[in-house]
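Derivation of every value follows stated rules applied to the coordinates shown; laboratory data play no part. All values derive from a computational prediction rather than experimental measurement. Reconstructed Cβ throughout: ideal geometry from the backbone, glycine too, with neighbour counts over all protein chains shown.
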Amino acid sequence: MAKIQVLDKSVSELIAAGEVIERPASIVKELLENAIDAKASAVTVEIKQGGIGFIRITDNGIGIAREDVPTAFLRHATSKVRTEDDLTNIATLGFRGEALASVCAVAKVELITKTAGQELGSRYLIQGGENGTLEEAGCPNGTTIIVRDLFYNVPARLKFLKKDFSEGNAVQGIVEKIALSHPEVSVKLIKENKTVLHTSGNRDLRSAIYSVFGKDFATGLLPVNYQHNGIRVSGFITKPACSRTNRSMQHFFVNDRYVKTRTGMAALEEGYKHSLMVGKFPACVLKLGIDYSLVDVNVHPAKIEIRFVQERPVFEAIYFAVKSALEQEDILKSQPKSQ
Ligand code: ADP
Ligand code: MG
C-alpha cells in the first residue's frame, strides 16, 4: 500500500472544522455574523452549559430557501463570494463558506429557516457532517440554529474545553463585541436562563456601550470623530482620569468587524503618551472605516486577525484622532463654565 494517501473525507473535515471551531465562543461568533450578514435587525443567543451542551441563535434575517439548505452546510459553499475579484472587496463578515460545514462536523445541528417568499419554512437536522434530513416546517421569517453537544465525536477536543463558566464568559465576550460593532442590530444574550445582555439596536454606539459595559464606563468617554489618510476613525476613548490598569478594554473594529490590532493599540497609547501615568492604560471602542481593498481579512480562519496593506497610515489616523479628542477635552475643561 502506498505510504502517502489522501485523508478520508470524515477525517479531513474534522481537521478543517478544528481550525474554525475551537470552543463554543467560536460557534457563536460565526453564527452571529451569519445573522448580521442576513440583515437581521434582532438576534437572540441562548446558551446552556457554557454553550457546550446547547447554543440557540435566532434571527429575523432573510432566511435560507429550502433548495439551498443542504448546500449551505457544504464546505466552501457561500452566497457571499463568487469570483477571485470579490475576495479583494469583502463587505460581509463571512465569506469562506466554512462555518456551517465546520459546526455540523463537530456537533449536532438543527436549522429552522424561512424566507419571506416561502409560505412554509424548512427544518434540517445534521450531525457529524453526515447527510442531513430536510423537511417542511411552519416558522416565522428568519433563521434559528440550534447546536447541541459540541465535540460529542471529538473527545480529545472536548477534554480541552474549560469549565462551563469560563466557556460561557468567552461566549459573552464575543457577543459583547459583536453587539458593539453593530449598534443597528438588537442583540440579546441569555446565559443559563438569565438575560445578561440586551442592546436596543437604535444605531447609537454610546447607548450600545452603556448596555454592554454599564453606566460608569459609558459616562467616562470622549467622542472621537476624525478623518485622515482616507481613513475614518470614530467612536469613543476614555477620559485620562478614567484610565485603567490593563489593556483589556481596548476594542477596535475595522469596517464593523471586531479585530485585534497591535497597530491600533500602539497608536492609541502613543496618542495618550503625555496624558497618562506609567502603568495606566486608555480604553476605547474605536471604529475604523477604511477602503475594503486596503484590508486583508483573509489571514486567519477565525478572521479576528487582519492585515492592513499599509500600517503607517492607519497608525497615523488613530494617533491624530486620539490626540484631537484629548485636545478637545482640554479646551472644554479650560473654558469657564457658563452660569
Ligand atoms: P459564509 O458565511 O462564509 O458564507 P457559512 O458556512 O457561515 O459561510 O454559511 C453558508 C451560507 O449559508 C451563507 O453564505 C448564507 O447564504 C447561508 N446562511 C448561513 N446562516 C444564515 C442565516 N442566519 N440567515 C440566512 N442565511 C444564512
Ligand atoms: Mg458565515
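Taking a ≥ b ≥ c as the square roots of the eigenvalues of the Cα gyration tensor of region 9-198, is the shape rounded (a/c under 1.5), prolate (a/b larger than b/c) or oblate? Don't skip to the end; give the middle numbers.
On the way: a/c = 1.29, a/b = 1.10, b/c = 1.17.
Verdict is rounded for region 9-198.
Below 14 angstrom from the Cβ of residue 250, what's the summed charge of the other residues (Lys, Arg +1; Asp, Glu -1)? All intermediate terms of the calculation are to be shown ahead of the outcome.
Details: positive: 177, 244, 247, 260, 262, 280, 287; negative: 176, 269, 270.
Charge balance in the 14 Å sphere: +4.
How charged is the neighbourhood of residue 100? Take every other residue with its Cβ under 13 Å from the Cβ of residue 100, and add Lys/Arg as +1 and Asp/Glu as -1. Could the numbers behind the result be given before it?
On the way: positive: 75, 80, 96; negative: 13, 30, 33, 37, 68, 98, 110.
Once all neighbours under 13 Å are counted, the net charge is -4.
Assuming a ≥ b ≥ c are the square roots of the Cα gyration tensor eigenvalues, decide whether region 1-113 counts as rounded (a/c under 1.5), prolate (otherwise, with a/b larger than b/c) or oblate.
It comes out oblate by the Cα gyration axes.
With n ≥ 4 as the cut-off for DSSP H runs, can you work out [θ] at 222 nm for the chain, using -39500 (n - 2.57) per run divided by the number of residues, rounded to the nearest 500? Intermediate results must be reported in sequence, preceding the final value.
Values: 10 runs with 110 residues, N = 339.
After summing the helix terms and dividing by residue count, I get -10000 deg cm²/dmol.
Indicate the gyration tensor shape class of region 169-228 (rounded, prolate or oblate), computed on the Cα atoms with a ≥ b ≥ c the square roots of the eigenvalues: a/c under 1.5 is rounded; otherwise a/b larger than b/c is prolate and the rest oblate.
Since a/c reaches 1.5 and a/b is larger than b/c, the shape of region 169-228 is classed as prolate.
If the elastic network links every pair of Cα atoms under 10 Å, which of 77, 99, 156 fluctuates the most in the Gaussian network model of the chain?
156
Of the cross-linked pairs 108/163; 215/333; 162/191; 114/159; 48/114, which ones have a Cα-Cα span greater than 27 Å in the structure shown? Walk me through the numbers on the way to the answer.
Numbers: 108/163 20 Å; 215/333 22 Å; 162/191 16 Å; 114/159 36 Å; 48/114 25 Å.
Check vs 27 Å cut-off fails for 114/159.
Let me have the relative contact order for region 9-198, percent, based on Cα pairs under 8 Å that are six or more residues apart.
29 percent
Quick one: helix 9-20 against the long Cα principal axis of the chain, what's the angle to the nearest 10°, folded into 0 to 90?
The helix 9-20 is inclined about 10 degrees to the chain.
Regarding the chain, what is the average projected area of its C-alpha convex hull, in nm²?
Answer in nm², one decimal: 21.8.
Please report the spacing between the Cα centers of region 229-270 and region 151-181 in Å, no decimals.
25 Å
Taking N as the number of residues in region 208-326, what value does Rg over Cα atoms divided by 2.2 N^0.38 Å take?
Relative to the rule-of-thumb radius for its length, region 208-326 sits at 1.02.
If you fit an axis through the alpha-carbon atoms of helix 164-181 and take the longest principal axis of the Cα set of the chain, what angle between them do you get, 0 to 90°, nearest 10?
So the helix axis and the longest Cα principal axis differ by about 60 degrees.
Among the trypsin sites (Lys or Arg not before Pro) within region 175-252, which fall in a DSSP loop and have no more than 15 other Cβ atoms within 10 Å of their own Cβ? Mind showing how you got there, number by number?
Working: sites: 177, 188, 191, 194, 203, 206, 215, 232, 244, 247; in loops: 203, 247.
When the trypsin sites (Lys or Arg not before Pro) of region 175-252 are filtered for loop state and at most 15 Cβ neighbours within 10 Å, 203, 247 remain.
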